[in-house]
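The values are calculated or read from the model by the stated rules, or taken from the named source; none is laboratory data. All values derive from a computational prediction rather than experimental measurement. No Cβ is skipped: glycine too gets one built from the backbone with ideal geometry, and neighbour counts run over all protein chains shown.
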Amino acid sequence: MSLEVSATVRERDVDISFTVGDGETVAILGPNGAGKSTVLSVVAGLLRPDVGRVVLDGRVLVDVGRSRSSTWIAPHAREVALLAQEPLLFPHLTAAGNVAFGPRSRGQGRRAATAVAERWLGEVDATELAGRRPSALSGGQAQRVAVARALAGDPRLLLLDEPMAALDVAVAPALRQMLRRVLAERAAIIVTHDLLDALLLASRVVVVESGRVVEVGTTRDVLARPRSAFAARIAGLNLVSGLVAGRGVRTPAGLVVEGMADVPVHDGDPAVAMFRPSSVAVYREPPVGSPRNVLAVTVTELEPHGDQVRVRSEHLTADVTVQAVADLALVPGDEVVFVVKASEVAVYPT
Amino acid sequence: MRKRLAAIAAVALIASLAACGGSDDPSDDASAGSPDETTLTVYAAASLKSTFTELGKDFEADHDGVKVTFNFAGSSDLVSQLQSGAPADVFASADQNNMDKAIADKLVEGAPVFFASNTLQIVVPAGNPAGVRNLGDLADPEVKTVVCAPEVPCGAAAVKVEDASGVDIQAVSEEQSVTDVLNKVVTGEADAGLVYVTDVLAAGDKVEGIYFPESDGVVNSYPIAPLADSKEADLAAQFVELVLGDVGQKVLTDARFARP
Amino acid sequence: MPRPASGSGLPGWVFVPAAAGALFVVLPLVAMATRVDWSQFVTLVTSDSSRAALGLSLRTSLATTVLCVVLGVPMAMVLARTSFRGQGVLRSLVLLPLVLPPVVGGIALLYTFGRHGLLGHSLDVLGVQIAFSTTAVVMAQTFVALPFLVLSLEGSLRTAGSRYEQVASTLGARPTTVLRRVTLPLVLPGLVSGAVLSFARALGEFGATLTFAGSLEGVTRTLPLEIYLQRESDADAAVALSLVLVIVAVVVIGLARVRRGGLA
């Protein structure tokens, strides 16, 4: 299974393209309103882009805006199943009836469809829910049934739009494990802003901000060496972006962060400087010493982070011990200095 | 805010008092009873509309300060209203049946007098598209005939005509009133209808009337009487006299009513 | 769980106008029932003309309800689920029979389907005559009853939204399958109540029927027409038949409510 997507939707200021390879699950990460759901709607056939092309396994589903002729395959003929945040189980059918809906719509007889439904309910560990109505299911149970329903129709591609977002934190892990199992051999796109979803379910990540793709790569790469602010944020890393200047990166505002590059870079190349919060020390006054990077910030909040405290400022974070915070008598609003050694800063091109 | 509401309420109150208290223009309010004017209310069958309206004007001309108002409707509707206590001074019915009902309820003063009679005529749309020539043609199912229902006076007359002549009229509809029958003929929906002679005249160019001899045997007589509860007994009696007198009879015969 | 302190949470004074309104509707029915000559009741309502009228009313009203569903469901769907220029105007026109006096509706139908009407002329030439037939009765009733179904169903469709339909189409269901298996089952309560309203309206229809279809026993004289005619000669029969009409209407509405309550 392979998917090529490119879509421009002017009304929503979205212009995105990416591919999905055989059997792989791609996570689309991004902040709210970035346009992630828009892309899914285009692939599912629920939204027509101004310009766009969607090709699934060599079959053209969408080709609009480029030339005189246009192709637009209706949603029911695409073999693409969509799972949304809300399960949207049909209220007038039982769980089994819901799961059997896809097969029956494709013409399977009642008995055959029931057998398929039972199999998939088993796959999602929801066999005992078969005879219940959606109103008698909890959020997590309903979402399981919805996954079974989407897969029972044997789609070529499965789209998941923040499937865990409406669930209890306690229930999400079990569902995530189940998804990991059923998505293993299957092509899927999962839209999320949750790090765990990306880590556990996806092999590749596409990062979208303000309607544009800002970063693409394997999950490991993106989360270890993010190139976009959003990826950095969910990976819990500090990121400063700008142009290469000497041994560091100069931001548009003129701030220079020095670091170590492990690939050759040239002055003027776009690049990012990345460092962990745990590498950052907090001082009240700029120290005189070896560290090359002394960054003046204002504390915006303090939050517990494991057995340490995460000191947040507008763009950067530092992890320090509880004792240090007490000694410095830090409170939000304080003007402090973040200090980090150049050897702890990784510089790489974007 | 309170003061404003009070001011608006005061203005509204004064305005409504002024509207009630001031006397209306006597000429346009039909039932206004200003102290110098008397109203005579006449309940008359619908078929008497044009003739009685004219007679009403004559009566007003002869009697200063008197206004005649009419209620034209189906005779049995009129009787129902009178039975429910509607105030009226004179009742002119399209048949004896309804007058009998009124008498039975003691609504009538004295004995009613016949003032006109009416016979039936075949009415066809202008141009007579179905080529109807006599009563026998109405038995032809190809001819769409419309009559009054037997429960109303003109329908009862039609039944009598059928019985007397032995013709079984194939009606496609039995209407509630003569007006409805006429409407269907005028618009061409029906090929023929049975209505009163007076109605044919009233419909003018849009229809043609066809006389049939069997109609002479079925005559509808119209009785008129003043009403017992009338507050204008004298005026009521005078109106009845007008109808029965030369002036009234001329107006009626001009409209093709026959003498009683 | 503790019971709430006050029953419904409604302010006490609300019950006064509510009771007044209820009385206003119920008292005339009671007054009618007291006027009925019960010793004659059965004879009056089982006479030939009464049975013909009742049978005709039930048959035509049922046919009308079916026609309203067949025409009204698509209309409601187009109005609720699409948007195009002039849709507001179209909606107002479709709902016009609600406010039009029925006699005016009958006249309009006559000018369309009557012998010399817009379409009637061509139909007449082909040998199809509609006026004075039972078909005309059904047409007159449909004209006045259709807006009830369209209005009721359009409201339900808008409330239901189209998310379920979107999901169904991604699961592989063609538009007709979606309509049949998802849309209609979801709005069934609205459809049923709309159909009941249409039936009731058709049952009571008078003005348009009289003007367009005429009045002939067994063919076009429905129960309301029979009642109006009986008033001329036999007031007792008219009252008795009126009561029959009320009972039929109450039974139909009651049945529809029971059915709806039974759905899970």
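For segment A:83-117, which positions are surrounded by 23 or more Cβ atoms within 10 Å (Cβ to Cβ), in contact (Cβ under 8 Å) with a residue 40 or more places away in the chain and more than 13 Å from C:ALA168 (Cα to Cα)?
Residue satisfying the conditions is A:ALA95 alone.
Among the residues of segment B:165-176, are any over 17 Å from the mean Cα position of the chain (by Cα), modelled with pLDDT under 90 and assigned to a helix (DSSP H, G or I)?
Yes, segment B:165-176 contains a residue that is over 17 Å from the mean Cα position of the chain (by Cα), modelled with pLDDT under 90 and assigned to a helix (DSSP H, G or I).
Which members of segment B:194-206 meet the condition of being out of contact with any Gly (no Cβ under 8 Å at 6 or more places or on another chain) and either buried (at least 23 other Cβ atoms within 10 Å of the Cβ) or among the polar types (S, T, N, Q) (or both)?
Those that are out of contact with any Gly (no Cβ under 8 Å at 6 or more places or on another chain) and either buried (at least 23 other Cβ atoms within 10 Å of the Cβ) or among the polar types (S, T, N, Q) (or both): B:LEU194, B:VAL195, B:TYR196, B:THR198, B:ASP199.
Is it the case, given these coordinates, that B:VAL240 is crowded, with 21+ Cβ neighbours inside 10 Å, touching a residue at least 40 places away in the same chain (Cβ under 8 Å) and not in a helix (DSSP H, G or I)?
No.
Identify, from the list C:LEU255, C:LEU245, C:LEU191, the residue that is closer than 30 Å to A:PRO103 by Cβ, surrounded by fewer than 22 Cβ atoms within 10 Å (Cβ to Cβ) and either of a type in the set (Gly, Ala, Ser) or away from every other protein chain (no Cβ under 12 Å) (or both).
Exactly one of C:LEU255, C:LEU245, C:LEU191 is closer than 30 Å to A:PRO103 by Cβ, surrounded by fewer than 22 Cβ atoms within 10 Å (Cβ to Cβ) and either of a type in the set (Gly, Ala, Ser) or away from every other protein chain (no Cβ under 12 Å) (or both), namely C:LEU191.
Listed here are the residues, each with its yes/no results for (1) part of a loop (DSSP other than H, G, I, E, B); (2) closer than 30 Å to B:PRO141 by Cβ; (3) in contact with a Cys (Cβ under 9 Å, 6 or more places away or on another chain); (4) in contact (Cβ under 8 Å) with a residue 40 or more places away in the chain.
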position	(1), (2), (3), (4)
B:ALA44	no, no, no, yes
B:SER50	no, no, no, yes
B:GLU54	no, no, no, yes
B:LYS57	no, no, no, no
B:ASP64	yes, no, no, no
B:LYS67	no, no, no, no
B:LEU78	no, no, no, no
B:ALA116	no, no, no, yes
B:ILE122	no, yes, no, yes
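Table: residues versus (1) within 12 Å of another protein chain (Cβ to nearest Cβ); (2) buried (at least 20 other Cβ atoms within 10 Å of the Cβ).
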{"position": "A:ARG119", "(1), (2)": "no, no"}
{"position": "A:THR127", "(1), (2)": "no, no"}
{"position": "A:GLN143", "(1), (2)": "no, yes"}
{"position": "A:ALA146", "(1), (2)": "yes, yes"}
{"position": "A:ALA150", "(1), (2)": "yes, yes"}
{"position": "A:ASP154", "(1), (2)": "yes, no"}
{"position": "A:ASP161", "(1), (2)": "yes, yes"}
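Of all residues in segment A:173-187, which are under 17 Å from A:VAL145 (Cβ atoms) and either in contact (Cβ under 8 Å) with a residue 60 or more places away in the chain or not assigned by TED's automatic domain parsing to the domain that holds A:ALA27 (or both)?
Once the filter is applied, which keeps residues that are under 17 Å from A:VAL145 (Cβ atoms) and either in contact (Cβ under 8 Å) with a residue 60 or more places away in the chain or not assigned by TED's automatic domain parsing to the domain that holds A:ALA27 (or both), segment A:173-187 yields only A:LEU183.
Pick from C:SER39, C:SER83: which is outside any helix (DSSP H, G or I) and out of contact with any helix residue (DSSP H, G or I) (no Cβ under 8 Å at 6 or more places or on another chain)?
So the residue among C:SER39, C:SER83 that is outside any helix (DSSP H, G or I) and out of contact with any helix residue (DSSP H, G or I) (no Cβ under 8 Å at 6 or more places or on another chain) is C:SER83.
Looking at segment B:128-164, which of its residues are surrounded by 15 or more Cβ atoms within 10 Å (Cβ to Cβ), over 23 Å from the mean Cα position of the chain (by Cα), on the phi < 0 side of the Ramachandran plot and more than 14 Å from chain C (Cβ to nearest Cβ)?
If the condition is that a residue be surrounded by 15 or more Cβ atoms within 10 Å (Cβ to Cβ), over 23 Å from the mean Cα position of the chain (by Cα), on the phi < 0 side of the Ramachandran plot and more than 14 Å from chain C (Cβ to nearest Cβ), then B:VAL132, B:LEU135, B:ASP137, B:LEU138, B:ALA139, B:ASP140, B:GLU162 are the ones that fit.
State all residues of segment A:58-72 that are in contact with a strand residue (DSSP E or B) (Cβ under 8 Å, 6 or more places away or on another chain) and closer than 21 Å to A:LEU151 by Cβ; if no residue qualifies, say none.
Once the filter is applied, which keeps residues that are in contact with a strand residue (DSSP E or B) (Cβ under 8 Å, 6 or more places away or on another chain) and closer than 21 Å to A:LEU151 by Cβ, segment A:58-72 yields only A:LEU61.
Considering each of B:ALA237, B:ALA225, B:ALA233 in turn, give the residue that is within 15 Å of the chain's Cα centre (by Cα) and in the same structural domain as B:LEU55 (by TED's automatic domain parsing).
When all the criteria are applied, what remains is B:ALA225.
Tell me the residue from C:VAL167, C:VAL182 that is within 10 Å of another protein chain (Cβ to nearest Cβ), within 30 Å of A:PRO103 (Cβ to Cβ), in contact (Cβ under 8 Å) with a residue 12 or more places away in the chain and assigned to a helix (DSSP H, G or I), please.
Of C:VAL167, C:VAL182, the one residue that is within 10 Å of another protein chain (Cβ to nearest Cβ), within 30 Å of A:PRO103 (Cβ to Cβ), in contact (Cβ under 8 Å) with a residue 12 or more places away in the chain and assigned to a helix (DSSP H, G or I) is C:VAL182.
Being crowded, with 24+ Cβ neighbours inside 10 Å and either more than 7 Å from chain C (Cβ to nearest Cβ) or within 16 Å of C:VAL103 (Cβ to Cβ) (or both) is the filter here, so list the residues in segment B:172-193 that pass it.
B:SER173, B:GLU175, B:VAL178, B:VAL181, B:LYS184, B:VAL185, B:GLU189, B:ALA190, B:ASP191, B:ALA192, B:GLY193 - these are the residues of segment B:172-193 that are crowded, with 24+ Cβ neighbours inside 10 Å and either more than 7 Å from chain C (Cβ to nearest Cβ) or within 16 Å of C:VAL103 (Cβ to Cβ) (or both).
Just one of (1) closer than 28 Å to C:ARG174 by Cβ; (2) of a type in the set (Ser, Thr, Tyr); (3) outside any helix (DSSP H, G or I) trips up A:SER37, so point out which.
(3)
So which of C:ALA213, C:ALA240, C:ALA208, C:ALA235 ends up being of a type in the set (A, V, I, L, M), at negative phi and more than 14 Å from chain B (Cβ to nearest Cβ)?
On the way: C:ALA213 fails: more than 14 Å from chain B (Cβ to nearest Cβ); C:ALA208 fails: more than 14 Å from chain B (Cβ to nearest Cβ); C:ALA235 fails: more than 14 Å from chain B (Cβ to nearest Cβ).
Of the residues listed, the single one that is of a type in the set (A, V, I, L, M), at negative phi and more than 14 Å from chain B (Cβ to nearest Cβ) is C:ALA240.
Residue-by-condition table, conditions (1) aliphatic (A, V, I, L, M); (2) modelled with pLDDT of 90 or more; (3) on the phi < 0 side of the Ramachandran plot:
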{"position": "A:ARG104", "(1), (2), (3)": "no, yes, yes"}
{"position": "A:GLY107", "(1), (2), (3)": "no, no, no"}
{"position": "A:ALA112", "(1), (2), (3)": "yes, yes, yes"}
{"position": "A:ALA115", "(1), (2), (3)": "yes, yes, yes"}
{"position": "A:GLU118", "(1), (2), (3)": "no, yes, yes"}
{"position": "A:ARG133", "(1), (2), (3)": "no, yes, yes"}
{"position": "A:ALA136", "(1), (2), (3)": "yes, yes, yes"}
{"position": "A:GLY139", "(1), (2), (3)": "no, no, yes"}
{"position": "A:GLN143", "(1), (2), (3)": "no, yes, yes"}
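Just checking, how many residues over segment A:52-87 are part of a loop (DSSP other than H, G, I, E, B), within 21 Å of the chain's Cα centre (by Cα) and within 21 Å of A:GLU11 (Cβ to Cβ)?
1
Hey, among the residues in segment A:12-44 that are modelled with pLDDT of 90 or more and within 14 Å of chain C (Cβ to nearest Cβ), which one's surrounded by the fewest Cβ atoms within 10 Å (Cβ to Cβ)?
For segment A:12-44, the residue satisfying everything is A:SER41.
Tally time: how many residues in segment A:40-51 are closer than 20 Å to A:GLY21 by Cβ and either in a strand (DSSP E or B) or of a type in the set (Lys, Arg) (or both)?
Number satisfying all stated conditions: 0.
Give the residue, chosen from B:SER165, B:SER221, that is among the small types (Gly, Ala, Ser), in contact (Cβ under 8 Å) with a residue 40 or more places away in the chain, closer than 21 Å to B:LYS144 by Cα and in contact with a helix residue (DSSP H, G or I) (Cβ under 9 Å, 6 or more places away or on another chain).
B:SER165
Just one of C:PRO101, C:PRO97, C:PRO74 is touching a Gly at 6+ places or on another chain (Cβ under 8 Å), surrounded by fewer than 15 Cβ atoms within 10 Å (Cβ to Cβ) and over 20 Å from B:VAL186 (Cβ atoms); which is it?
Details: C:PRO97 fails: surrounded by fewer than 15 Cβ atoms within 10 Å (Cβ to Cβ); C:PRO74 fails: touching a Gly at 6+ places or on another chain (Cβ under 8 Å).
Only one candidate qualifies: C:PRO101.
Of all residues in segment C:32-85, which are of a type in the set (Phe, Trp, Tyr) and farther than 30 Å from C:GLU154 by Cα?
Across segment C:32-85, the qualifying residues are C:TRP38, C:PHE41.
Hey, among the residues in segment A:64-82 that are facing chain C (nearest Cβ under 9 Å) and surrounded by 14 or more Cβ atoms within 10 Å (Cβ to Cβ), which one's nearest to A:LEU47 (Cα to Cα)?
Pass one, segment A:64-82, residues facing chain C (nearest Cβ under 9 Å): A:74-82.
Next cut, surrounded by 14 or more Cβ atoms within 10 Å (Cβ to Cβ) only: A:75-76, A:78-82.
Working: A:PRO75: 10, A:HIS76: 13, A:ARG78: 13, A:GLU79: 16, A:VAL80: 14, A:ALA81: 14, A:LEU82: 13 Å.
The selected residue is A:PRO75.
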